[in-house]
Amino acid sequence: MPTRNFAAKNSPPRHGLARVLSKLGLCSRTQGAAWVRGGRVSVNGRVVRDPEFPVRHGQDAITVDGRTTTCATRRVVMLNKPRGLVTSTADEKGRDTVYRCLDGAGLPWLAPVGRLDKASEGLLLFSNDPVWSARITEPRSAVDKTYHVQIDRWADERLLADLESGLVVDGGHLAAKSARCLRRGEKYAWLEIVLDEGRNRQIRRLLAARDVSVLRLLRVAVGSLPLGDLASGRWRELSETEIEALEN
């Protein structure tokens, strides 16, 4: 009896089959569930059709279409997201998604690392490694994200100071890590705003709280990785050096 208890305490935890397939970087959890329901996945030699069937990764033998599963090689891609595309694998309203830009590329399954809203443009990362993606997006990682933002008015020092000190918006405190004016026109200005957290529509909500409208919003860097001269709608794969630099 003591031996059985010891073994139970030291065996890997169980997770749903679709989740394990996703954690292996083979597919999204939704795709994994579809594979399971379609009879493509076996556990210990037996076809399983329940996406929530509990398995122990590293202990149970999982095959897809008869092939043994292993962790996929990590792949990370950067896209210059065009305006008007939704950051989602699918959209219930039938709108075009960012995956339109990756169609026909021959890439493995990749998930967006963070988000850009439909009206925003610029650097968007994708990866098939959910563990790496979580490290990049979690608040404790504090990976800076740099944006160039065109607004519908001049940017005075008071506005920049408010962005940095922060404002209470919808009951919560929002702030930029830094904000500066890049250039001014007669009726507009371009700002560079750096965030060290990723709250939903943070820049737009901050500026709206000061009655400032956003004309364009582009993410130009994530950590040490710049968007550079990558054209809108184009993508490229990151080197292992670039991937590792984002973690430091």
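The values are calculated or read from the model by the stated rules, or taken from the named source; none is laboratory data. Quick caveat, the model's predicted, so the values are computed rather than measured. Positions of Cβ are backbone-derived with ideal geometry, glycine not excepted, and every protein chain shown enters the neighbour counts.
A few points about this structure:
- Residue within the stretch 198-212 that is over 12 Å from LEU174 (Cβ atoms), of a type in the set (A, V, I, L, M, F, W, C) and touching a Lys or Arg at 6+ places or on another chain (Cβ under 9 Å) present: yes
- Residue within the stretch 220-233 that is more than 14 Å from GLY122 (Cα to Cα) and without any contact (Cβ under 8 Å) to a residue 12 or more places away in the chain present: no
- Counting only strands (runs of 3 or more DSSP E) that sit completely within the stretch 110-211, those holding 2 or more residues that are farther than 25 Å from GLU237 by Cα and free of Cβ contacts under 8 Å to residues at least 40 places away in the same chain correspond to 172-174, 178-184.
- Some residue of the stretch 71-89 being part of a strand (DSSP E or B), at pLDDT below 90 and not polar (S, T, N, Q): no
Residue-wise test of (1) closer than 26 Å to CYS101 by Cβ; (2) surrounded by 12 or more Cβ atoms within 10 Å (Cβ to Cβ).
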site	(1), (2)
VAL41	no, yes
ARG46	no, no
HIS57	no, yes
ASP60	no, yes
THR68	no, no
THR73	yes, no
SER88	yes, yes
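Per-residue answers, yes or no, for (1) closer than 23 Å to ARG199 by Cβ; (2) buried (at least 16 other Cβ atoms within 10 Å of the Cβ); (3) aromatic (Phe, Trp, Tyr); (4) out of contact with any Ser or Thr (no Cβ under 7 Å at 6 or more places or on another chain):
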{"site": "LEU85", "(1), (2), (3), (4)": "yes, yes, no, no"}
{"site": "GLY94", "(1), (2), (3), (4)": "no, no, no, yes"}
{"site": "GLY122", "(1), (2), (3), (4)": "yes, yes, no, yes"}
{"site": "ASP129", "(1), (2), (3), (4)": "no, yes, no, yes"}
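- Meets criteria (in contact with an Asp or Glu (Cβ under 9 Å, 6 or more places away or on another chain) and surrounded by fewer than 22 Cβ atoms within 10 Å (Cβ to Cβ)) for ARG100: no
- Among the candidates SER28, SER88, the residue that is hydroxyl-bearing (Ser, Thr, Tyr) and in contact (Cβ under 8 Å) with a residue 60 or more places away in the chain is uniquely SER28.
- The set of residues in the stretch 163-191 being crowded, with 16+ Cβ neighbours inside 10 Å and within 14 Å of VAL149 (Cβ to Cβ) consists of LEU163, ALA176, ALA179, CYS181, TYR188, ALA189, TRP190, LEU191.
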